[in-house]
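Novice: Here it is: the structure, laid out below.
Please treat every number below as a calculation from the coordinates, not as lab data. All values reported here derive from a predicted model rather than from experimental measurement. Cβ coordinates were reconstructed from backbone atoms using ideal geometry, including for glycine residues, and neighbour counts include every protein chain displayed.
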């Protein structure tokens, strides 16, 4: 936990430098496959400090994250047998149980698994690499990642653009819960629609 806390503080420190945008892109990129700290941490700090650039930061975060997701997919598709021990041992969020469960979910839900992980606090890196391992349709994977990641980051940026510092406290406390509830309602609605049409 101390290591993760030091990483968290290190990520936040980039908001006070001229390289905040570059750091945000790189953080979003590596978080999609190996890094444990979500890019929202730096995104929030940058948006609070520069509200007029909030949507620009969200776009940077989205592009970096989706490109990183493609790398995660490539790791799963082409190098998993060589690196799986490293991920299960050293990368937070990777367990054999979680990985096998994601594989099972892919068989039925495909798009929604990727979207849910991209939008919610679920471990996105597990889903991106598992997508490559289980050979999920790549265009569908990219579309789901773009939709989920852009929805998440632009929602955060939009709230901070409109409300500034006061909403930051609210996001810190409740954002994870709210996006999980929203995602469950959204997916639940499509499940009901799917079975209603049979």
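Novice: Counting other beta carbons within 10 Å of each Cβ, put 149, 168 in order, fewest first.
Specialist: Ordered by Cβ neighbours within 10 Å, fewest first: 168, 149.
Novice: For the peptides 105-117, 74-86, what is the packing order when you average, over each peptide's residues, the other Cβ atoms within 10 Å and list the highest mean first?
Specialist: 105-117, 74-86
Novice: In units of 2.2 N^0.38 Å, what is the alpha-carbon radius of gyration of region 69-146? Mind dumping the intermediate values first?
Specialist: Details: Rg = 11.2 Å, N = 78, 2.2 N^0.38 = 11.5 Å.
After normalising by residue count via 2.2 N^0.38 Å, the value is 0.97.
Novice: So, one more: Suppose a student asked you for the relative contact order of region 2-196, using Cα pairs under 8 Å spaced at least 6 residues apart; what percent would you report?
Specialist: Dividing the mean separation by the residue count of region 2-196 yields 26 percent.
Novice: Also: Using only the alpha-carbon atoms of region 2-196 as identical scatterers, what base-10 log of I(q)/I(0) does the Debye formula give at q = 0.16 Å⁻¹?
Specialist: -1.02
Novice: Which order do the peptides 129-141, 39-51 take when ranked by the mean count of other beta-carbon atoms within 10 Å per residue, highest first?
Specialist: Order by mean packing, descending: 39-51, 129-141.
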